[in-house]
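The values are calculated or read from the model by the stated rules, or taken from the named source; none is laboratory data. Small disclaimer: the values here were computed from a predicted structure and weren't measured. FYI the Cβ positions are ideal-geometry reconstructions off the backbone, even for glycines, and counts take in every protein chain you see. Quick note on the areas: whole protein, heavy atoms, side chains included, nothing else; ligands and nucleic acids left out. Shrake-Rupley method; radii C 1.70, N 1.55, O 1.52, S 1.80 Å.
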Amino acid sequence: MLGEPQVSAALHDAVREESKPGLWSNGVKLARGGAVAIESKTATEIVLRVKTPSRPVAYTVVVYPGDLAWECNCDGRIDPCEHVCAAAIALQTQAVATAEQRWSHVEYHFARAPGGGLTLTRKLDGQELVSLPAVMATAEGKAKLQVEQHDLAVDRLLSRPRRGALPADMLEPLLTALAPARRVLLDGVPVIVSAEPLLPRAVVEDQGDGVSVALALEPHELLGTGAVLKGDTLQRLGEAPDATVRSYGAKQLAELAATVLPDLARRYPVELKTSRLPRIDRALEPRIQLELSQVDAGLSVLPTLVYGAPPHVRIDAGRLTWLQGTVPLRDEAKEQRLVHELREQLDLVPGRRTSIGPEALAQWGSKLKAWRGDLTGDAGRLLGANAKLVPKLSLDPFTLEFEVEGGKGPDDRVGGEAVLKAWSEGLSLVPLLGGGWAPLPRGWLEQHGQRVLDLLEAREANGTIARAALPQLAELAQKLDLPPPPALGGLKPLLDGFDEIPEAPLPDGITATLRPYQRQGVSWLSFLRDAQLGAVLADDMGLGKTLQAICALPRKSLVVCPTSVLPNWVAELARFRPGFKVNAYHGAGRALDDAADVTVTTYALLRLDQAELAAKSWAALVLDEAQAIKNPDSQVARAAYEVPAQWRVALSGTPVENRLDELWSVMHFANRGLLGGRRAFEERWAQGIADARPGAAQALRARIKPFVLRRLKRDVAPELPPRTE
């Protein structure tokens, strides 16, 4: 590791190499004139302030010496600007003082007024400050004073004369302006200023078989004129809480979760002290469902406004009734549109049962055939009694559609996705392409529907099944007495168990001596590499995941790792694969090298330079410490998903730390489609395991087993010393 002087020198040289001569000269003048001071410093970044004659507020420059990177809050179009140049020069050529040592700062002294309320006094170097512009007008004052934006804002607010306590109308803008200030005291004691008002909290806790909701304020001291002191934070009082405690019975919990609490959360923080409330699902959408039943010679129709499929909640006359599972955040505007369309097209109202007599049935039935909503009840027998759907399945490419047995035209059919969607939503009918309805083939769907759903989600853009899903495709082919997919033969050793994988030869030039379990790991990785299947190597810490991956790396690979271990990867590659040319894609002057065999970069740069890294197709993409993408919504996870690679490897001793969807994220990276979409995974696997649904955990384990290898230190290498963290 480089010491601090060497790091400063490297930063200095990097900035000078990229700077324009004129800007570098300006930076020299600023640095020599004492315009640079350090505001804060950590192991990875240094924040500096650079004062210029033309601007009262100093510019902020942040440098990252380890990455040879920098940024400045000026609006200059040339990078590096003269302020960055001044910072780099000062760090290299002199012992830079802190901003606290070099410049004076305005202090703000609040005090409790004798008659109530607060007074405010500004001080500079222990003396009362009357006028900030007067101090800044002198050369001495301009040189010694560090002015911030909040100082200027407060000066404008205090420009009109006043006596005694601060008026209420001045308190809010003052606290807002002083929120970023660091030198604020109340009666001589430092305090933090918050621009946010102190609001009541909505506290939800158990009460009998239901819950109670009450508004309460955190402990505070009222200072008068609307100011409060909460702990060491000075802020204004937003509103006094309503002391009423509202109770909700067990049958009202869904409405509370879906309607009351979201409305409260828009105004107040919500603190849940109960586990009785159903979980909110923001993805649930409203829809109209028609239940049909035969009555004498006519038809009885009951339309219902519901959320979810099958329904999670029902909306009755504007009130929510919980049925099962999660609850939605209501979209009342969309609810009204659906109700209007139902009235316009079928002359029906949700929640009101309507009887259609035999004389009107034919005309009303033609309207129903044009309506593309959801039908339940006896709809299949009443509307599609003469239509029988027959599946037509192709394995390569994987396609599915259903045709009407004995159909007379090309429109007597329906796509497989529509049939499976209707089946998964608990419906009994599906609309045909040419109009009309057909009952679902329930027997076939109950036997094969879930497996087909999984395979449809695992299709590539060209319609072929992702290679990781070939075992599921083979199972379906066996159930339907179809020949197995041709590509399955090469995967047989993997499916037969770890011990059946043949030992892979080590690449030329490897200088490492591998332990037996490491040799097995390299064979497993090599097998998956050749089969273009993703791998999750989850060995315990200290078992050599890095070395095993290095032994299986093909040329033109990209390795992404935490910044702290990038030098280790570069050193290990040089040590164990000396024939590889390694490019450390890192620092201010980073550039991709087409001649490199392995490119090593960091998660931060994967996120920042995603476009550049994704523009190249890599033979392999390795994520070290892959728990870095455990949040699938994070920018770094989305960037990792998008970088193209023939082979993907995740290295992590902890692929699941807190939540099961962390496993989904890692597997989605390694073998997209293997576990379906994120929502489907949550409903089928995560919720099933959380509810202790029989066989859920075993089924998930069987699905991922061929692609995850985890060995513990005590099992494979008991002779190794204890782990040191």
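Numbers below:
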{"read-out": "Asp206 surrounded by fewer than 16 Cβ atoms within 10 Å (Cβ to Cβ), at pLDDT below 85 and either assigned to a loop (DSSP other than H, G, I, E, B) or under 33 Å from the mean Cα position of the chain (by Cα) (or both)", "value": "no"}
{"read-out": "Residues (within 24 Å of Ser526 (Cβ to Cβ) and surrounded by fewer than 15 Cβ atoms within 10 Å (Cβ to Cβ)) located in region 611-637", "value": "Lys616, Ser617"}
{"read-out": "Among the candidates Leu675, Leu660, residue that is open to solvent by 30 Å² or more (accessible area, probe 1.4 Å), more than 24 Å from Val559 (Cα to Cα) and touching a residue at least 12 places away in the same chain (Cβ under 8 Å)", "value": "Leu660"}
{"read-out": "Selection from region 42-59 of residues that are under 30 Å from the mean Cα position of the chain (by Cα) and open to solvent by less than 50 Å² (accessible area, probe 1.4 Å)", "value": "Ile46, Val47"}
{"read-out": "Unique match (being in contact with a Ser or Thr (Cβ under 9 Å, 6 or more places away or on another chain), buried (at least 16 other Cβ atoms within 10 Å of the Cβ) and either modelled with pLDDT under 85 or farther than 22 Å from Leu129 by Cα (or both)) among Val191, Val211, Val245", "value": "Val211"}
{"read-out": "From the options Thr654, Thr724, residue that is modelled with pLDDT under 80 and among the hydroxyl-bearing types (Ser, Thr, Tyr)", "value": "Thr724"}
{"read-out": "Counted residues, region 264-295 - those being closer than 30 Å to Arg372 by Cβ, open to solvent by 40 Å² or more (accessible area, probe 1.4 Å) and either of a type outside the set (D, E, K, R) or touching a residue at least 60 places away in the same chain (Cβ under 8 Å) (or both)", "value": "5"}
{"read-out": "Residue in region 69-81 that is within 17 Å of Leu11 (Cα to Cα), charged (D, E, K, R), under 29 Å from the mean Cα position of the chain (by Cα) and modelled with pLDDT under 85 present", "value": "no"}
{"read-out": "Residue in region 351-359 that is modelled with pLDDT under 75 and either surrounded by fewer than 19 Cβ atoms within 10 Å (Cβ to Cβ) or more than 45 Å from the chain's Cα centre (by Cα) (or both) present", "value": "yes"}
{"read-out": "Arg467 being farther than 21 Å from Leu368 by Cβ, among the basic types (Lys, Arg) and either surrounded by fewer than 17 Cβ atoms within 10 Å (Cβ to Cβ) or modelled with pLDDT of 85 or more (or both)", "value": "no"}
{"read-out": "Residue within region 542-554 that is over 22 Å from Ala619 (Cα atoms), touching a residue at least 40 places away in the same chain (Cβ under 8 Å) and assigned to a loop (DSSP other than H, G, I, E, B) present", "value": "yes"}
{"read-out": "Ala640 being within 18 Å of the chain's Cα centre (by Cα), part of a helix (DSSP H, G or I), surrounded by 23 or more Cβ atoms within 10 Å (Cβ to Cβ) and touching a residue at least 12 places away in the same chain (Cβ under 8 Å)", "value": "yes"}
{"read-out": "Boolean, Pro167 is surrounded by fewer than 13 Cβ atoms within 10 Å (Cβ to Cβ), modelled with pLDDT under 85, over 30 Å from Val61 (Cα atoms) and of a type outside the set (Asp, Glu)", "value": "no"}
{"read-out": "Region 216-226, residues that are open to solvent by less than 60 Å² (accessible area, probe 1.4 Å) and over 26 Å from Pro173 (Cβ atoms)", "value": "Ala216"}
{"read-out": "Filtered residues of region 525-567 (kept if of a type in the set (Asp, Glu) and open to solvent by less than 10 Å² (accessible area, probe 1.4 Å))", "value": "Asp539"}
{"read-out": "Hey, Ala250 at pLDDT below 85, buried (at least 19 other Cβ atoms within 10 Å of the Cβ) and more than 19 Å from Leu174 (Cβ to Cβ) or not", "value": "no"}
{"read-out": "Search result, residues across region 83-130 that are in a helix (DSSP H, G or I), more than 13 Å from Arg32 (Cα to Cα), open to solvent by 20 Å² or more (accessible area, probe 1.4 Å) and in contact (Cβ under 8 Å) with a residue 24 or more places away in the chain", "value": "Gln101, Arg102"}
{"read-out": "Residue match in region 565-576 (condition: in contact (Cβ under 8 Å) with a residue 60 or more places away in the chain, part of a strand (DSSP E or B) and under 22 Å from Thr654 (Cα atoms))", "value": "no"}
{"read-out": "Which listed residue is more than 30 Å from Leu272 (Cα to Cα) and touching a residue at least 24 places away in the same chain (Cβ under 8 Å), from Ala134, Ala139, Ala143, Ala181", "value": "Ala181"}
{"read-out": "In region 643-657, the residues that are open to solvent by 30 Å² or more (accessible area, probe 1.4 Å), among the polar types (S, T, N, Q) and more than 12 Å from Gly534 (Cβ to Cβ)", "value": "Thr654"}
{"read-out": "Test: residue in region 227-240 that is open to solvent by 70 Å² or more (accessible area, probe 1.4 Å) and within 26 Å of Leu124 (Cα to Cα)", "value": "yes"}
{"read-out": "Test result for Gly589, more than 23 Å from Pro644 (Cα to Cα) and open to solvent by less than 20 Å² (accessible area, probe 1.4 Å)", "value": "no"}
{"read-out": "Unique residue being of a type in the set (Gly, Ala, Ser) and either free of Cβ contacts under 8 Å to residues at least 40 places away in the same chain or farther than 13 Å from Pro200 by Cα (or both) when the list is Gly238, Gly249", "value": "Gly249"}
{"read-out": "Flag if Glu39 is surrounded by fewer than 22 Cβ atoms within 10 Å (Cβ to Cβ), free of Cβ contacts under 8 Å to residues at least 40 places away in the same chain and part of a strand (DSSP E or B)", "value": "no"}
{"read-out": "Inter-residue pairs, beta-carbon under 8 Å, first within 16 Å of Thr546 (Cα to Cα) and exposed (fewer than 11 other Cβ atoms within 10 Å of the Cβ) and in region 498-524, second at pLDDT 90 or above and hydrophobic (A, V, I, L, M, F, W, C), 6+ apart", "value": "Thr511/Phe576"}
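Listed here are the residues, each with its yes/no results for (1) over 27 Å from Tyr307 (Cβ atoms); (2) free of Cβ contacts under 8 Å to residues at least 24 places away in the same chain; (3) small (Gly, Ala, Ser); (4) assigned to a strand (DSSP E or B).
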position	(1), (2), (3), (4)
Thr399	yes, no, no, yes
Phe402	yes, no, no, yes
Leu427	no, no, no, no
Ala438	no, no, yes, yes
Leu470	yes, yes, no, no
Leu473	yes, no, no, no
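Residues checked against (1) closer than 27 Å to Thr464 by Cα; (2) more than 16 Å from the chain's Cα centre (by Cα):
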{"position": "Ala615", "(1), (2)": "yes, yes"}
{"position": "Trp618", "(1), (2)": "yes, yes"}
{"position": "Pro644", "(1), (2)": "yes, yes"}
{"position": "Arg659", "(1), (2)": "no, no"}
{"position": "Arg672", "(1), (2)": "yes, yes"}
{"position": "Arg678", "(1), (2)": "yes, no"}
{"position": "Val708", "(1), (2)": "yes, yes"}
